[in-house]
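Structure, as C-alpha cells:
The values are calculated or read from the model by the stated rules, or taken from the named source; none is laboratory data. Everything numeric in this text was worked out from a predicted model, so none of it was measured. Methodologically, a virtual Cβ is constructed for each residue, glycine included, from the backbone with ideal geometry; neighbour enumeration extends over all protein chains shown. Note: areas computed on protein heavy atoms with side chains; ligands, DNA, RNA excluded. Shrake-Rupley method; radii C 1.70, N 1.55, O 1.52, S 1.80 Å.
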Amino acid sequence: MWQRAKNPGEARLLVALERRLDEMALAAREPDTAERIARAGVALIELARINHPADPRLAFMMARVLLAADVNRNADAERLLEHAVSELPVSPLLAKAWLELGLLRALRGDPGAAVDAESRALELALDPDQRALAFCRRAAAEAELRALPRAESDYREAAAAAREPALQALARFGLGLVLERQGDLPSAYSVFEQGLAIALPISAYATDELLELPGAFFSPSYERFYVGALLAMTRARVEHDLRARRIELEQAVADWDAYLLAARADEVWVPNAKGHRERCMRELMRLPHARRKSNP
C-alpha cells in the first residue's frame with residue numbers, strides 16, 4: 001500500500017515543493033513571477049540531489065516544477081511522471097499525473113501515447129474542467145493522428161464539460177479547426193463565432209490573447225497560426241466596418257503566411273492554408289481603399 005514518504009530528504013523536498021506550487025498558483029496571472037518561483041523549485045531539487053524519488057507524490061511535484069520552469073527538462077519530467085502513475089493509488093492526484101503525462105508525450109511528438117495518457121486521465125478525473133482539458137488534449141492528439149471524427153467528438157465533449165470560460169472558448173476553437181479540416185467551413189465558422197462570443201473575464205487571466213489562454217496547446221506549435229487565421233477570417237465575416245474588416249483579413253493573411261513558412265511543403269493541410277489565403281486576398285481586393293483626408 002502506498003504510504004507517506006519515509007526518507008527525511010524526500011519529505012523535506014516534498015514540503016518545499018508543495019509551497020512553491022502553492023505560490024505558483026497564487027502568481028498565475030503573472031507568468032514571469034510564476035516561472036521564477038518554479039525555477040527556485042528546480043534549484044531546490046538540484047540541491048537535494050534527488051533524481052529518482054521513491055515517493056510518487058514527490059515525483060509528480062518535481063515533474064510539475066520542471067515543466068513550469070521551462071528549463072528544457074521535459075524528458076526528466078516525463079520520467080518522473082511515468083514513475084508517479086505506476087505507483088500512485090487511484091486518486092485525483094493520479095488523474096492529474098496522467099493529464100500532465102499526456103501533455104509531455106504530445107510535446108515529445110508521440111500523439112498515440114498522448115491519447116493513451118489522456119484516456120487514462122478521463123477514467124479517473126471527476127472535476128469538469130479537468131475532464132474538459134483532458135478531452136481537449138486527447139482531441140488535439142487525435143487530430144494530429146488524422147482521426148478527425150474522434151477529435152470532433154472529444155472537442156464536443158470538452159465544450160459540454162468545461163465550466164471555465166477560457167476552456168469553453170478553446171474547446172470550440174479546436175472543434176472549429178477539426179470541422180474545417182473535414183471540409184465543413186460553414187459549420188466551422190459557426191463554432192468559431194460561438195467561441196468568440198464567450199464572455200471572458202480577461203482580468204482573471206495573464207493575457208488578453210485568446211490563443212495564449214490557460215489550456216491552449218498546439219501540436220505542432222505552428223498550428224496556432226492556422227487557428228489564428230481562421231479566427232481572423234471569422235471576425236472579418238461578421239464585421240460591418242470596412243476598415244475593421246480589412247484589418248482582420250490582413251491579419252488572416254499574415255497568419256497564413258506564418259503557417260506556410262513554418263509548415264513543411266508536403267504537409268497535408270498546406271493546400272487548405274493556401275486556398276484560404278487566396279480567398280482572403282480576393283476579399284481584400286474587393287474592399288474599397290480608405291479615402292485619404294485632403295489638406296485644408
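Below is a table of values for the structure above.
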quantity	calculated
Surface accessible to a 1.4 Å probe, Arg282 within the full protein complex, Å²	120 Å²
For region 1-67: relative contact order, % (alpha-carbon pairs under 8 angstrom, 6 or more apart)	41 percent
Helix axis angle, 92-107 relative to the chain longest principal axis, alpha carbon, degrees	50 degrees
Value in Å of the Kirkwood radius, where region 8-73 supplies the Cα pairs that are averaged	11.6 Å
Carbon and sulfur %, accessible surface of the chain computed with the full protein complex present, 1.4 Å	51 percent
Helix 111-124 vs. the chain, principal-axis angle (Cα, 0 to 90°, nearest 10)	70 degrees
Computed log₁₀ I(q)/I(0) - Debye formula, equal Cα scatterers, no solvent, the chain, q 0.12, 0.13, 0.14 Å⁻¹	-0.83, -0.94, -1.06
Rounded accessible area of Leu210 (nearest 10 Å², 1.4 Å probe)	40 Å²
Selected from Tyr222, Tyr155, Tyr189 as most flexible by GNM, with the chain as the system and alpha-carbon contacts under 10 Å	Tyr222
Cα-based helix-to-principal-axis angle, 242-262 vs the chain, degrees rounded to 10	50 degrees
Alpha carbon centroid spacing (whole Å) that separates region 222-266 from region 69-91	37 Å
Highest-fluctuation residue, Phe192, Phe135, Phe225 considered, GNM on the chain with Cα pairs under 10 Å	Phe225
Per-peptide average of other Cβ atoms within 10 Å, ordering 66-72, 265-271 highest first	66-72, 265-271
Helix-only CD estimate at 222 nm, as mean residue ellipticity for the chain, using -39500 (n - 2.57) per DSSP H run (n ≥ 4)	-23500 deg cm²/dmol
Solvent exposure of the chain as accessible area per residue, Å², 1.4 Å probe	53 Å²
Highest to lowest packing among 24-33, 231-240, scored as the average C-beta count within 10 Å	231-240, 24-33
